[in-house]
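Have a look at the structure below, then the notes.
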Amino acid sequence: MIWLDWERVEDIVRKEKPKKVIIVGPDGIVDVLLDLGKKLETMGVRAYVSGDPSYGSCDLQLNKAYVAGADLILNVGHTIGLESIGNVRFINFQYIFDEEDIEKITELMIGYINENRLNGKIGIYTISNYYSAYTMLIKKLEGKVDIAKPGKYETLLLGQVLGCNFYSAFVPNTDYNFFLGESLFHAIGLQLSTEKETFMLDPHTKEITGVREEANKYLKASFARIAIANRAEKIGIIVGEKEGQANLQKADFISRELKKFNVSTFMIIMNEITPEKVNKFQGMDAFVETACPRIPMNVEGFKKPLLSYPEALALIKIKKKIPVTNPYRGALWF
Ligand code: SF4
(Lines give C-alpha, C1' and ligand atoms only; values in the text may rest on other atoms or scores of the structure.)
Protein backbone atom coordinates (compact mmCIF):
# COMPACT_ATOMS: atom_id res chain seq x y z
CA MET A 1 0.00 0.00 0.00
CA ILE A 2 1.20 3.52 -0.67
CA TRP A 3 0.55 6.71 1.25
CA LEU A 4 1.12 10.34 0.32
CA ASP A 5 0.84 13.08 2.91
CA TRP A 6 -2.22 14.68 1.38
CA GLU A 7 -2.99 16.56 4.61
CA ARG A 8 0.28 18.44 4.25
CA VAL A 9 -0.51 19.27 0.63
CA GLU A 10 -3.92 20.65 1.69
CA ASP A 11 -2.29 22.60 4.46
CA ILE A 12 0.23 24.14 2.04
CA VAL A 13 -2.54 25.09 -0.40
CA ARG A 14 -4.63 26.62 2.42
CA LYS A 15 -1.80 28.62 3.96
CA GLU A 16 0.36 29.55 0.97
CA LYS A 17 -2.42 29.82 -1.64
CA PRO A 18 -0.27 28.93 -4.67
CA LYS A 19 -1.81 29.56 -8.08
CA LYS A 20 0.61 27.28 -9.89
CA VAL A 21 2.79 24.43 -8.66
CA ILE A 22 5.34 22.07 -10.17
CA ILE A 23 5.19 18.45 -8.99
CA VAL A 24 8.51 16.62 -9.01
CA GLY A 25 9.30 13.03 -8.02
CA PRO A 26 11.04 9.80 -9.01
CA ASP A 27 10.03 8.02 -12.23
CA GLY A 28 8.63 5.02 -10.34
CA ILE A 29 5.74 7.01 -8.87
CA VAL A 30 4.69 9.02 -11.89
CA ASP A 31 1.03 7.88 -11.55
CA VAL A 32 1.00 9.13 -7.96
CA LEU A 33 2.31 12.49 -9.21
CA LEU A 34 -0.39 12.66 -11.88
CA ASP A 35 -3.10 11.87 -9.28
CA LEU A 36 -1.75 14.60 -7.06
CA GLY A 37 -1.82 17.03 -10.00
CA LYS A 38 -5.45 16.14 -10.72
CA LYS A 39 -6.48 16.68 -7.11
CA LEU A 40 -4.73 20.04 -7.02
CA GLU A 41 -6.48 21.13 -10.22
CA THR A 42 -9.86 20.42 -8.54
CA MET A 43 -8.76 22.87 -5.83
CA GLY A 44 -8.08 25.56 -8.42
CA VAL A 45 -4.30 25.12 -8.46
CA ARG A 46 -2.65 24.71 -11.87
CA ALA A 47 -0.30 21.74 -11.45
CA TYR A 48 2.47 20.74 -13.85
CA VAL A 49 3.95 17.28 -13.35
CA SER A 50 7.64 17.15 -14.18
CA GLY A 51 8.50 14.78 -17.01
CA ASP A 52 12.12 14.73 -15.90
CA PRO A 53 13.06 12.21 -13.23
CA SER A 54 14.12 13.57 -9.88
CA TYR A 55 16.82 11.41 -8.32
CA GLY A 56 16.89 12.90 -4.86
CA SER A 57 16.56 15.93 -2.64
CA CYS A 58 19.59 17.24 -4.59
CA ASP A 59 17.50 17.45 -7.77
CA LEU A 60 14.99 20.22 -7.11
CA GLN A 61 14.25 21.42 -10.68
CA LEU A 62 13.88 25.08 -9.66
CA ASN A 63 14.07 26.19 -13.27
CA LYS A 64 10.66 24.69 -14.01
CA ALA A 65 9.03 27.03 -11.49
CA TYR A 66 10.83 29.95 -13.10
CA VAL A 67 9.71 29.00 -16.63
CA ALA A 68 6.10 28.20 -15.66
CA GLY A 69 5.80 31.10 -13.22
CA ALA A 70 4.91 28.63 -10.46
CA ASP A 71 4.82 29.69 -6.81
CA LEU A 72 5.89 26.36 -5.36
CA ILE A 73 7.56 23.07 -6.20
CA LEU A 74 6.14 20.00 -4.47
CA ASN A 75 8.95 17.44 -4.26
CA VAL A 76 7.33 14.07 -3.59
CA GLY A 77 9.13 11.02 -2.24
CA HIS A 78 12.44 12.55 -1.23
CA THR A 79 11.67 13.38 2.38
CA ILE A 80 14.65 14.51 4.42
CA GLY A 81 14.98 16.14 7.81
CA LEU A 82 13.86 19.50 6.35
CA GLU A 83 10.26 20.37 5.40
CA SER A 84 11.25 22.90 2.76
CA ILE A 85 14.13 24.60 0.95
CA GLY A 86 13.24 27.99 -0.56
CA ASN A 87 10.05 27.48 -2.59
CA VAL A 88 10.38 23.68 -2.53
CA ARG A 89 8.06 21.74 -0.19
CA PHE A 90 8.99 18.12 0.51
CA ILE A 91 5.94 15.84 0.53
CA ASN A 92 6.21 12.54 2.33
CA PHE A 93 5.50 9.40 0.31
CA GLN A 94 5.60 6.01 2.01
CA TYR A 95 5.16 2.32 1.31
CA ILE A 96 2.88 1.23 4.12
CA PHE A 97 3.11 -2.15 5.86
CA ASP A 98 0.60 -3.34 8.46
CA GLU A 99 1.31 -4.84 11.89
CA GLU A 100 1.18 -8.37 10.51
CA ASP A 101 3.76 -7.55 7.84
CA ILE A 102 6.10 -5.93 10.35
CA GLU A 103 5.71 -8.92 12.67
CA LYS A 104 6.74 -11.23 9.80
CA ILE A 105 9.71 -9.01 8.89
CA THR A 106 10.81 -8.92 12.54
CA GLU A 107 10.68 -12.72 12.85
CA LEU A 108 12.48 -13.09 9.52
CA MET A 109 15.28 -10.82 10.66
CA ILE A 110 15.69 -12.43 14.08
CA GLY A 111 15.67 -15.89 12.47
CA TYR A 112 18.33 -14.81 9.96
CA ILE A 113 20.53 -13.34 12.67
CA ASN A 114 20.33 -16.54 14.73
CA GLU A 115 20.79 -18.94 11.81
CA ASN A 116 23.84 -17.04 10.55
CA ARG A 117 25.23 -16.47 14.06
CA LEU A 118 25.55 -12.73 13.52
CA ASN A 119 26.85 -11.65 16.89
CA GLY A 120 27.18 -8.10 18.11
CA LYS A 121 25.65 -4.70 17.49
CA ILE A 122 23.50 -4.20 14.43
CA GLY A 123 23.09 -0.95 12.51
CA ILE A 124 19.68 -0.72 10.84
CA TYR A 125 19.05 1.91 8.16
CA THR A 126 16.56 2.82 5.50
CA ILE A 127 15.46 5.41 2.96
CA SER A 128 12.60 7.86 3.45
CA ASN A 129 9.95 5.84 1.59
CA TYR A 130 10.22 3.04 4.15
CA TYR A 131 10.52 5.24 7.22
CA SER A 132 7.18 4.30 8.73
CA ALA A 133 7.96 0.56 8.36
CA TYR A 134 11.45 1.27 9.73
CA THR A 135 10.19 2.89 12.96
CA MET A 136 7.73 0.02 13.49
CA LEU A 137 10.48 -2.56 12.90
CA ILE A 138 12.90 -0.87 15.32
CA LYS A 139 10.20 -0.85 18.02
CA LYS A 140 9.54 -4.58 17.53
CA LEU A 141 13.26 -5.42 17.63
CA GLU A 142 13.97 -3.45 20.77
CA GLY A 143 15.08 -5.72 23.59
CA LYS A 144 15.46 -8.65 21.18
CA VAL A 145 18.63 -7.60 19.34
CA ASP A 146 21.40 -5.12 20.11
CA ILE A 147 20.67 -2.14 17.86
CA ALA A 148 23.22 0.64 17.27
CA LYS A 149 21.83 4.16 17.71
CA PRO A 150 22.23 5.86 14.31
CA GLY A 151 24.39 8.95 13.93
CA LYS A 152 22.35 12.14 13.48
CA TYR A 153 23.07 14.07 10.29
CA GLU A 154 21.36 17.44 10.59
CA THR A 155 19.37 17.38 7.32
CA LEU A 156 18.38 13.69 7.42
CA LEU A 157 15.89 11.63 9.40
CA LEU A 158 17.42 9.46 12.14
CA GLY A 159 18.54 6.21 10.48
CA GLN A 160 18.05 7.54 6.93
CA VAL A 161 20.71 7.05 4.27
CA LEU A 162 20.98 8.55 0.80
CA GLY A 163 22.85 7.16 -2.19
CA CYS A 164 25.80 9.40 -1.27
CA ASN A 165 25.35 9.94 2.47
CA PHE A 166 25.86 7.12 4.95
CA TYR A 167 26.55 9.30 7.98
CA SER A 168 23.76 7.55 9.96
CA ALA A 169 25.77 4.32 9.82
CA PHE A 170 28.99 5.83 11.17
CA VAL A 171 28.61 4.85 14.79
CA PRO A 172 31.23 3.12 16.90
CA ASN A 173 31.18 -0.60 17.73
CA THR A 174 28.68 -1.65 15.07
CA ASP A 175 29.37 -5.14 13.78
CA TYR A 176 27.11 -5.35 10.74
CA ASN A 177 24.31 -3.50 8.96
CA PHE A 178 20.82 -4.19 7.77
CA PHE A 179 19.20 -2.02 5.12
CA LEU A 180 15.39 -2.00 5.04
CA GLY A 181 14.22 -1.42 1.47
CA GLU A 182 14.43 -2.87 -2.02
CA SER A 183 17.17 -0.73 -3.52
CA LEU A 184 20.34 -2.77 -3.80
CA PHE A 185 21.93 0.55 -4.75
CA HIS A 186 21.63 1.85 -1.16
CA ALA A 187 22.56 -1.47 0.48
CA ILE A 188 25.74 -1.70 -1.62
CA GLY A 189 26.54 1.89 -0.69
CA LEU A 190 26.28 0.98 3.00
CA GLN A 191 28.62 -1.98 2.56
CA LEU A 192 31.18 0.05 0.59
CA SER A 193 31.12 3.10 2.84
CA THR A 194 31.24 1.28 6.20
CA GLU A 195 33.12 -1.84 5.01
CA LYS A 196 30.82 -3.81 7.30
CA GLU A 197 28.89 -6.90 6.26
CA THR A 198 25.55 -5.55 5.01
CA PHE A 199 22.25 -7.33 4.43
CA MET A 200 19.28 -5.99 2.51
CA LEU A 201 15.88 -6.81 3.96
CA ASP A 202 13.24 -6.36 1.27
CA PRO A 203 9.92 -5.74 3.02
CA HIS A 204 7.94 -6.53 -0.16
CA THR A 205 9.44 -9.92 -0.99
CA LYS A 206 10.39 -10.63 2.65
CA GLU A 207 13.87 -11.76 1.62
CA ILE A 208 17.25 -11.01 3.12
CA THR A 209 20.32 -10.80 0.86
CA GLY A 210 23.97 -10.28 1.74
CA VAL A 211 25.42 -7.65 -0.61
CA ARG A 212 29.17 -8.11 -0.18
CA GLU A 213 29.65 -9.92 -3.48
CA GLU A 214 27.77 -7.26 -5.43
CA ALA A 215 29.68 -4.50 -3.63
CA ASN A 216 32.97 -6.17 -4.58
CA LYS A 217 31.91 -6.14 -8.25
CA TYR A 218 31.36 -2.37 -8.00
CA LEU A 219 34.75 -1.97 -6.40
CA LYS A 220 36.46 -4.00 -9.13
CA ALA A 221 34.78 -1.96 -11.87
CA SER A 222 35.74 1.23 -10.06
CA PHE A 223 39.43 0.30 -9.91
CA ALA A 224 39.37 -0.69 -13.59
CA ARG A 225 38.04 2.79 -14.52
CA ILE A 226 40.61 4.50 -12.28
CA ALA A 227 43.47 2.47 -13.81
CA ILE A 228 42.52 3.54 -17.36
CA ALA A 229 41.98 7.15 -16.26
CA ASN A 230 45.48 7.07 -14.73
CA ARG A 231 46.92 6.85 -18.25
CA ALA A 232 44.75 9.71 -19.56
CA GLU A 233 46.42 12.86 -20.94
CA LYS A 234 43.18 14.79 -21.44
CA ILE A 235 40.41 14.64 -18.85
CA GLY A 236 37.02 16.34 -19.09
CA ILE A 237 35.82 17.60 -15.70
CA ILE A 238 32.03 17.63 -15.71
CA VAL A 239 30.12 19.92 -13.37
CA GLY A 240 26.47 19.03 -12.81
CA GLU A 241 23.86 21.78 -13.04
CA LYS A 242 21.33 20.27 -10.62
CA GLU A 243 20.90 22.50 -7.57
CA GLY A 244 22.28 20.10 -4.95
CA GLN A 245 24.98 18.70 -7.22
CA ALA A 246 26.72 21.79 -8.58
CA ASN A 247 30.10 21.18 -6.98
CA LEU A 248 32.21 23.77 -8.79
CA GLN A 249 34.89 23.99 -6.11
CA LYS A 250 35.45 20.25 -6.12
CA ALA A 251 35.75 20.33 -9.91
CA ASP A 252 38.34 23.14 -9.63
CA PHE A 253 40.24 21.17 -7.01
CA ILE A 254 40.38 18.01 -9.12
CA SER A 255 41.46 20.02 -12.15
CA ARG A 256 44.25 21.75 -10.19
CA GLU A 257 45.52 18.47 -8.77
CA LEU A 258 45.50 16.67 -12.12
CA LYS A 259 47.40 19.50 -13.77
CA LYS A 260 50.25 18.88 -11.31
CA PHE A 261 50.68 15.54 -13.11
CA ASN A 262 50.65 17.12 -16.58
CA VAL A 263 47.08 16.13 -17.32
CA SER A 264 45.20 18.64 -19.50
CA THR A 265 41.76 19.28 -18.05
CA PHE A 266 38.70 20.70 -19.81
CA MET A 267 35.75 22.05 -17.83
CA ILE A 268 32.32 20.89 -19.04
CA ILE A 269 28.88 21.66 -17.61
CA MET A 270 25.62 19.79 -18.14
CA ASN A 271 22.37 19.03 -16.38
CA GLU A 272 21.73 15.29 -16.68
CA ILE A 273 25.03 13.42 -17.17
CA THR A 274 24.21 10.74 -19.73
CA PRO A 275 26.36 8.50 -21.99
CA GLU A 276 24.91 10.21 -25.11
CA LYS A 277 26.10 13.63 -23.96
CA VAL A 278 29.45 12.54 -22.53
CA ASN A 279 30.38 10.28 -25.46
CA LYS A 280 30.27 13.17 -27.92
CA PHE A 281 33.42 14.63 -26.31
CA GLN A 282 35.50 12.19 -28.31
CA GLY A 283 38.81 13.98 -27.82
CA MET A 284 38.91 13.23 -24.09
CA ASP A 285 40.70 10.17 -22.69
CA ALA A 286 38.61 10.09 -19.50
CA PHE A 287 36.13 12.13 -17.45
CA VAL A 288 35.54 13.12 -13.85
CA GLU A 289 32.09 14.24 -12.73
CA THR A 290 31.51 16.04 -9.44
CA ALA A 291 27.69 15.85 -9.53
CA CYS A 292 26.27 12.54 -8.30
CA PRO A 293 28.77 9.87 -7.20
CA ARG A 294 26.42 7.10 -8.27
CA ILE A 295 26.44 7.93 -12.00
CA PRO A 296 29.64 6.02 -12.91
CA MET A 297 28.56 3.14 -10.68
CA ASN A 298 25.01 2.82 -11.92
CA VAL A 299 24.80 4.16 -15.47
CA GLU A 300 26.15 2.05 -18.33
CA GLY A 301 27.19 3.16 -21.80
CA PHE A 302 30.06 5.61 -21.19
CA LYS A 303 32.73 4.86 -23.82
CA LYS A 304 35.62 6.38 -21.85
CA PRO A 305 36.10 5.93 -18.10
CA LEU A 306 33.97 8.33 -16.08
CA LEU A 307 35.06 8.80 -12.46
CA SER A 308 32.99 10.10 -9.57
CA TYR A 309 34.46 12.59 -7.10
CA PRO A 310 35.59 9.87 -4.61
CA GLU A 311 37.16 7.96 -7.50
CA ALA A 312 38.91 11.11 -8.73
CA LEU A 313 40.35 11.58 -5.23
CA ALA A 314 41.56 7.97 -5.39
CA LEU A 315 43.14 8.66 -8.79
CA ILE A 316 45.05 11.62 -7.37
CA LYS A 317 46.24 9.52 -4.41
CA ILE A 318 47.43 6.80 -6.78
CA LYS A 319 49.34 9.41 -8.80
CA LYS A 320 50.93 10.53 -5.51
CA LYS A 321 51.83 6.88 -4.78
CA ILE A 322 49.45 6.72 -1.81
CA PRO A 323 47.80 3.27 -1.62
CA VAL A 324 44.02 3.13 -2.05
CA THR A 325 41.97 0.08 -1.11
CA ASN A 326 38.45 1.48 -1.36
CA PRO A 327 37.59 4.89 -2.88
CA TYR A 328 34.15 4.68 -1.25
CA ARG A 329 35.19 4.19 2.32
CA GLY A 330 33.69 7.04 4.37
CA ALA A 331 30.36 8.52 5.39
CA LEU A 332 29.94 11.16 2.68
CA TRP A 333 30.64 10.67 -1.00
CA PHE A 334 30.45 14.31 -2.03
S1 SF4 B 1 23.20 9.79 -4.60
FE2 SF4 B 1 23.08 11.27 -6.27
S3 SF4 B 1 20.88 11.53 -6.59
FE4 SF4 B 1 21.12 10.56 -4.58
S5 SF4 B 1 21.15 12.28 -3.13
FE6 SF4 B 1 23.27 11.81 -3.68
S7 SF4 B 1 23.77 13.21 -5.36
FE8 SF4 B 1 21.53 13.12 -5.18
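The values are calculated or read from the model by the stated rules, or taken from the named source; none is laboratory data. This one's a predicted model, so the numbers in the text were calculated from it and none came from an experiment. Methodologically, a virtual Cβ is constructed for each residue, glycine included, from the backbone with ideal geometry; neighbour enumeration extends over all protein chains shown.
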Taking the residues in segment 288-298 that are at pLDDT 95 or above and among the hydrophobic types (A, V, I, L, M, F, W, C) as candidates, determine which candidate is nearest to the ligand (Cβ to nearest atom). C292
Residue ID - surrounded by the most Cβ atoms within 10 Å (Cβ to Cβ), chosen from residues in segment 157-195 that are of a type in the set (S, T, N, Q), more than 11 Å from the chain's Cα centre (by Cα) and on the phi < 0 side of the Ramachandran plot: Q191
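Please pick out the residue among T274, T290 that is over 20 Å from F253 (Cα atoms) and under 23 Å from the mean Cα position of the chain (by Cα). Talk me through it step by step, then tell me what you get.
Details: T290 fails: over 20 Å from F253 (Cα atoms).
That would be T274, the only listed residue that is over 20 Å from F253 (Cα atoms) and under 23 Å from the mean Cα position of the chain (by Cα).
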Return yes when K303 is more than 26 Å from L162 (Cβ to Cβ) and either touching a helix residue (DSSP H, G or I) at 6+ places or on another chain (Cβ under 8 Å) or surrounded by fewer than 19 Cβ atoms within 10 Å (Cβ to Cβ) (or both) and no when it is not. yes
Flagged in segment 143-169 as of a type in the set (A, V, I, L, M) and more than 16 Å from the ligand (Cβ to nearest atom), in numbering order, are V145, I147, A148, L158
Which residue pairs have Cβ atoms under 8 Å apart, sit 6 or more places apart or on different chains, and have a first residue in segment 155-184 that is without any contact (Cβ under 8 Å) to a residue 60 or more places away in the chain and over 16 Å from G77 (Cβ atoms) and a second that is of a type in the set (S, T, Y) and within 14 Å of the ligand (Cβ to nearest atom)? L158/S168; G159/S168; S168/Y153
Give me the residue from segment 66-90 that is outside any loop (DSSP other than H, G, I, E, B) and either touching a Phe, Trp or Tyr at 6+ places or on another chain (Cβ under 9 Å) or among the charged types (D, E, K, R) (or both) and, out of that set, farthest from Y131 (Cα to Cα). A68
Output for segment 275-310, where each listed residue is of a type in the set (S, T, N, Q) and out of contact with any Gly (no Cβ under 8 Å at 6 or more places or on another chain): Q282, N298, S308
The one condition P172 fails out of (1) away from the ligand (no atom under 16 Å from the Cβ); (2) modelled with pLDDT under 95; (3) closer than 25 Å to I12 by Cβ is (3)
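Being closer than 29 Å to E195 by Cβ and not aliphatic (A, V, I, L, M) is the filter here; which residues of segment 215-241 pass it?
First, the residues of segment 215-241 that are closer than 29 Å to E195 by Cβ: 215-232, 235, 237-238, 240.
N216, K217, Y218, K220, S222, F223, R225, N230, R231, G240 - these are the residues of segment 215-241 that are closer than 29 Å to E195 by Cβ and not aliphatic (A, V, I, L, M).
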Looking at the structure I just gave you, is R225 part of a helix (DSSP H, G or I), of a type outside the set (A, V, I, L, M, F, W, C) and farther than 22 Å from N326 by Cβ? no
For segment 28-65, give me each residue that is within 16 Å of the ligand (Cβ to nearest atom) and outside any loop (DSSP other than H, G, I, E, B). G28, I29, L62
Output the residue which, of all residues in segment 257-287 that are among the β-branched types (V, I, T) and within 15 Å of the ligand (Cβ to nearest atom), is surrounded by the most Cβ atoms within 10 Å (Cβ to Cβ). I273
Contact list, first residue from segment 263-276 and among the small types (G, A, S), second anywhere and in a loop (DSSP other than H, G, I, E, B), beta-carbon distance below 9 Å, six or more apart or interchain, is S264/E233
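Within segment 240-256, restricting attention to residues that are of a type in the set (D, E) and out of contact with any helix residue (DSSP H, G or I) (no Cβ under 8 Å at 6 or more places or on another chain), which residue is surrounded by the most Cβ atoms within 10 Å (Cβ to Cβ)?
Our first condition is that a residue be of a type in the set (D, E); within segment 240-256, this holds for 241, 243, 252.
Adding the requirement that they be out of contact with any helix residue (DSSP H, G or I) (no Cβ under 8 Å at 6 or more places or on another chain) leaves 241, 252.
Numbers: E241: 13, D252: 15.
Taking the candidates together, the pick is D252.
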Restrict the check to segment 198-215 and report whether at least one residue is modelled with pLDDT of 95 or more and within 16 Å of the ligand (Cβ to nearest atom). yes
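Select from segment 108-154 the residues that are polar (S, T, N, Q) and touching a residue at least 24 places away in the same chain (Cβ under 8 Å) and write down the one among them that is surrounded by the most Cβ atoms within 10 Å (Cβ to Cβ). Steps first, answer last, please.
Initially, segment 108-154 is screened for residues polar (S, T, N, Q), giving 114, 116, 119, 126, 128-129, 132, 135.
Among the residues that remain, those that are also touching a residue at least 24 places away in the same chain (Cβ under 8 Å) are: 119, 126, 128-129, 132.
Values: N119: 10, T126: 27, S128: 24, N129: 23, S132: 17.
Going through the qualifying residues, I end up with T126.
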Does any residue of segment 317-334 turn out to be at pLDDT below 95 and surrounded by fewer than 23 Cβ atoms within 10 Å (Cβ to Cβ)? yes
Residue under evaluation M297, criteria (1) closer than 17 Å to A314 by Cβ; (2) outside any helix (DSSP H, G or I); (3) among the aliphatic types (A, V, I, L, M), criterion not met: (2)
